[in-house]
Amino acid sequence: MNLGDKIESHFRIDINQKKALAKLGIHEVRDLLYYFPSRYTDISEFRYINTLKDGEQATIVGIISNLQTKKGFKSKIPMGQATITDLTGKLNIIWFHQPYLAKMLKEGSTVRVTGKVSENKTYGLTLTNPEINKEDILPIDLHDSLFQKKEGVEQFGYPVYPESRGVTSKWMYHAINKILKSDCVNNIQDYLDKEILNKYKLPSLHTALVWIHSPQKKEHAEIARKRFAFEEVFFIQLARQQERKKYEELYSYKLIVKDSDIKDFVSRFPFKPTTSQSSTIHTILEDLKKDKPMSRLVEGDVGSGKTFVAATIAYAVIKNRPVGQSFGNLQVAYMAPTEVLATQLFENFTQYFEHTGISIALITSSGCRKFPSKSGGWKDGQQIKTWTPIAKNQLLKWIKNGEIPIVIGTHSLISKSIEFEDLGLVIIDEQHRFGTNQRMKLAKKEGHSPHYLSMTATPIPRTLALTIYGDLDLSIIDQMPLGRKTVITEIVSENKRLEAYEKIKKELESGRQLYVICPKIDETTDDEDKIKLDVKSVTSEAKRLQKEVFQNYRIDIMHSKMTKQKKELVMKEFAEHKIDILVSTSVIEVGVNIPNSTVIIIEGAERFGLAQLHQLRGRVIRSNYQSYCYLFADAKSDKTIDRLKALTKAANGFELAELDLSLRGAGLLGGDKQWGITDIGMEALRNIKMVEAARTEAINIIQNDVELKNSPLLANTLSAKNIKLHFE
Ligand code: ADP
Ligand code: MG
């Protein structure tokens with residue numbers, strides 16, 4: 001057997017199983033070997049049947065048989081019945097009132113049951129109402145592995161693998177055991193350096209593989225998982241550091257910016273920058289002085305003033321000729337994730353740059369604009385449009401010959417048709433939608449690398465940022481501008497719902513607008529939601545609110561299944577106050593600025609992470625009016641309330657992201673689906689020391705050997721892993 005062999009060449013599987021495995025990403029033997037249990041069933045404490053006595057509480061492991069459901073002879077109570085057999089004897093099981101438990105089990109399967117043993121007149125020694133869950137059905141056949149304990153082999157528990165239709169945890173257990181016994185695992189070479197393993201006390205690859213799949217002690221499973229968590233972050237870091245190093249080897253402009261220029265630009269604003277803004281600007285100016293391109297990510301809550309930082313840096317880049325260049329000025333490209341946001345940025349920039357005479361272009365698929373326009377200015381005491389619509393072709397010419405220094409648009413700015421004369425700086429809003437490959441494309445097209453500044457309001461914990469943005473330096477704006485009103489946040493229980501609606505109506509009456517966020521799009525339930533039918537959906541809640549609560553207001557909806565055009569249209573109408581109430585899923589754009597909407601309702605708040613709630617609340621933060629956030633939560637436990645209360649106390653989104661991580665674990669952050677990191681890798685994110693260690697080791701290796709020529713095994717493993725973090 002070789003690790004690269006196809007599964008079907010060693011295991012008899014039918015076409016459906018093959019499909020099911022493929023769905024789990026398992027094609028080769030290696031994939032299966034690296035398919036790790038999500039948890040372990042502990043059977044270390046079980047008892048043999050012939051040692052049990054009346055009145056004892058015990059756990060028994062054995063084969064189940066004689067499954068039946070019936071009604072009690074006299075009592076007519078519905079009940080389930082079965083026999084459990086181990087090496088030493090048999091025992092009856094009765095489930096009063098729970099006949100379905102007998103239906104859930106299969107004849108001949110091995111189970112773990114825990115319950116009270118008692119002497120029953122009719123049935124003899126009996127286990128009554130033992131608890132049994134899905135994970136108590138063990139992936140073993142009693143005959144092959146029966147009670148290794150009896151033979152003196154300690155076994156901590158049995159692994160439970162995530163299943164897919166057609167492939168059971170039991171199947172995985174046996175298949176993986178076969179692989180573990182084969183030579184390809186016995187002779188497996190470790191791609192991690194012994195020194196690193198020793199330094200962080202991690203087990204070798206062979207040991208870790210055995211321990212993760214069949215641990216003899218709980219500690220073995222834990223340390224094996226720790227190794228694979230470290231390894232995953234380490235490989236991501238290797239890939240990121242390689243990209244970074246390659247990017248830095250490109251030619252770039254060295255810019256020494258005059259302090260007086262920055263002062264001039266900043267002093268025109270009607271406010272003083274916060275300390276956080278100033279120090280971020282300072283750090284960036286230091287980056288620009290170096291002759292390798294800057295790669296920096298600025299994280300800051302919505303409203304923390306990132307656009308101000310971006311504008312100041314853009315001005316610095318345009319105003320100052322690069323060192324050693326005697327002619328021409330550099331250009332700046334600023335990309336936003338949507339047209340609405342690009343347009344909003346353009347409007348901000350036209351105000352910020354009005355006094356400078358610097359031209360700004362906006363390019364979107366629904367039209368292009370140029371600022372300033374010849375006819376713009378003041379008329380009869382009113383400001384008239386300062387920009388003109390303009391044909392794209394003309395605009396492209398001006399960008400190409402360098403007449404327009406600032407170009408704002410969506411990501412289509414990097415499409416082939418747009419050529420810059422001399423691009424010095426690229427600014428990206430919401431980094432996670434823009435990958436390193438795209439950045440490299442920009443660099444190649446221009447023959448030199450522009451400096452790269454990325455901005456995000458997505459609050460994620462530091463460990464996650466260091467991992468997925470491992471190729472970027474990080475600045476955090478953790479201060480809000482002085483005197484900013486805070487959103488009044490209330491956690492509302494169901495019996496206060498109507499009261500809250502009355503308060504909201506007052507806001508609507510005085511001309512404000514309202515967001516309503518629901519956890520689901522419509523009533524079609526998927527499996528997970530079938531249990532929770534009471535979860536509000538966008539479509540039905542919109543109807544209900546229109547009919548029962550806000551009869552006099554215009555309501556529309558928004559969710560991810562609508563087309564992009566439709567979404568943008570709704571957003572535009574909401575911005576123009578043609579809609580009063582927008583009922584939406586959590587998709588509404590990050591950063592959309594609609595100052596007139598001052599109230600947000602979040603339904604099912606207990607289902608969201610704190611950082612996400614904070615971001616949603618950010619929708620109503622921009623206004624000069626007092627704004628409100630109502631969290632409707634099905635908060636049966638005090639814990640839920642306590643968690644939500646953090647929203648009324650935390651200083652910023654990053655604090656909340658850290659709190660989420662410590663309270664609810666890395667699973668909440670999205671893992672594979674959102675970032676391309678497996679569950680095991682996410683476990684590493686709870687441990688800043690581990691993430692920093694993986695990063696330091698990767699940086700050390702890449703600094704001296706970017707192509708990993710000295711570590712061929714590491715290089716091969718890295719390319720086989722084909723790390724694809726999700727950026728778009
Ligand atoms: P972000 O892009 O981080 O969401 P913006 O840059 O759009 O935030 O800033 C939000 C608002 O705050 C804007 O109206 C901006 O002019 C204003 N602002 C920015 N910095 C300051 C500051 N230091 N003091 C007061 N207001 C500020
Ligand atoms: Mg912004």
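The values are calculated or read from the model by the stated rules, or taken from the named source; none is laboratory data. Note that the structure is a prediction, hence the values are computed from the model and not measured. Every residue, glycine as well, gets a Cβ built from its backbone with ideal geometry; the counts of neighbours run over all protein chains shown. Ligands, DNA and RNA are stripped out before the accessible areas are found, and what is left, the full protein with its side chains, is counted by its heavy atoms. Shrake-Rupley method; radii C 1.70, N 1.55, O 1.52, S 1.80 Å.
General observations
- Computed with a 1.4 Å probe over protein heavy atoms only, the accessible surface of region 42-147 comes to 53 Å² per residue.
- Shape category assigned to the chain from the gyration tensor of Cα positions, a/c cut at 1.5: oblate
- Judged by the gyration tensor of its Cα atoms, with axes a ≥ b ≥ c, region 488-651 is rounded; a/c sits under the 1.5 cut.
- Heavy atoms of Tyr247 accessible to a 1.4 Å probe, total area in Å² rounded to 10: 10
- Positive minus negative residues near His614 (Lys, Arg vs Asp, Glu; Cβ under 11 Å): -1
- Proximal charge balance of Lys561 [Cβ under 13 Å; K/R count +1, D/E count -1]: +3
- Of the listed residues Ser366, Ser279, Ser182, the order by accessible area with a 1.4 Å probe, largest first, is Ser366, Ser279, Ser182.
- Ranking Met562, Met480 by solvent-accessible area of protein heavy atoms (1.4 Å probe, all protein chains present), from largest to smallest, gives Met480, Met562.
- When only the Cβ of Lys, Arg, Asp and Glu is charged (+1, +1, -1, -1), the dipole of the chain relative to its Cα centre reaches about 980 debye.
- Solvent-accessible surface ranking, highest first, for Ser267, Ser417 at 1.4 angstrom: Ser267, Ser417
- Residues of region 488-651: accessible area per residue with a 1.4 Å probe, Å²: 49
- Near Leu474, the amide H atoms lying under 5 Å from its own belong to Leu297; only residues 5 or more places off or on other chains count, and H is placed 1.01 Å from N.
- Here is the list for region 193-232: trypsin sites (Lys or Arg not before Pro) lying in DSSP coil, each with at most 16 other C-beta atoms within 10 angstrom of its C-beta, are Lys201, Lys217.
- Rounded percent of accessible protein surface that carbon and sulfur make up, the chain, 1.4 Å probe: 50
- Beta bridge orientation in the chain: antiparallel %, DSSP, nearest 5: 45
- Note on Thr274: accessible area is roughly 20 Å² with a 1.4 Å probe, heavy atoms of protein only.
- Karplus 3J(HN,Hα) series, Hz, for region 237-243 with 6.51 cos²θ - 1.76 cosθ + 1.60 (x for Gly, Pro): 4, 4, 4, 5, 5, 4, 4
- When you filter the chymotrypsin sites (Phe, Trp or Tyr not before Pro) in region 36-126 for DSSP loop state and at most 12 other Cβ atoms inside 10 Å of their Cβ, you are left with Phe73.
- Amide proton proximity set for Gly157, modelled H, under 5 Å, gap of 5+: Ile43
- Dividing the mean sequence gap of close Cα pairs (under 8 Å, 6+ apart) by how many residues the chain holds gives a relative contact order of 12 percent.
- With all protein chains modelled, accessible area of Tyr34 [1.4 Å, Å²]: 60
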